[in-house]
Amino acid sequence: MSLEPKYKRILVKLSGEALMGEDSYGINRVTIERIVNEIKGVVDLGVQVAIVIGGGNIFRGVAPAAAGMDRATADYMGMLATVMNALALQDAMRHAGVVSRVQSALTIQQVAEPYIRGKAIRYLEENKVVIFGAGTGNPFFTTDTAAALRGMEVGADIVLKATKVDGVYTDDPKKNPDAVRYHTVTFDEAISRNLKVMDATAFALCRDQKMNISVFSIFKAGALKRVVLGEDEGTLVHC
């Protein structure tokens, strides 16, 4: 097996729910440590890694209270949740010996530096992992869209969407045992088949800018490394 990475710089979209493990909400320490080890394996190959993280694991705990709340207010709460996750991820990386920096699209100078594109690129060139918190900094935009946007801004070779499912399927594999995984699919095919890859805004952005997307399971040991090495892992969505 070749250990020559196919991609030099990647943007990983990590959902907040991925940090919960088997818990109903919050951050499961064992789970976050395992995810960090997966990321470390790629960093050790010399790949430059940027991460956009969601906040669903934290916001889920306050979701009942947010029912009926103004959408913009709820979205800003979600952004703050992503910053909390970014800090937790940075701390876990520090324990694993991985140097990382957190940049926030919202200004919270006491806990994270503001998002500055030039500094983010410099950190990546220095082989530091850059964790982007607070989404795009704007309500009504998801962290999927933030991942597409940041991936393009820092010149990533590909956006890797880390999920609980090991790729894009013809149907929900949990409900239909006959569902088949797509190894590769074009953007146009994904649209015509109504495949749920990313939200519509993020998907359109990646398609228009010819940014490929790879969907894989972060819970499958070694999957991230196999994607980076160009092996048959997950689903590649391409132009």
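A compact table of results
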item	result
Where labels lie 7 Å past Cα in the beta-carbon direction, separation of residue 69 and residue 94 in nm	2.8 nm
Straight-distance crosslink candidates among lysines, where the alpha carbon sits under 22 Å from residue 161 and sequence neighbours closer than 8 are dropped	6, 8, 13, 40, 128, 174, 175, 196, 210, 220, 225
At least 24 Å along the helix axis (C-alpha) and Kyte average at least -1.0, DSSP helices within the chain	71-95
Restricting the range 62-168 to GluC sites (Glu not before Pro) in coil, as DSSP defines it, with at most 11 other Cβ within 10 Å	126
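Rule-based calculations on the coordinates, nothing more; no lab input. Every value quoted in this text rests on a predicted model; they were computed, and no experiment measured them. Methodologically, a virtual Cβ is constructed for each residue, glycine included, from the backbone with ideal geometry; neighbour enumeration extends over all protein chains shown.
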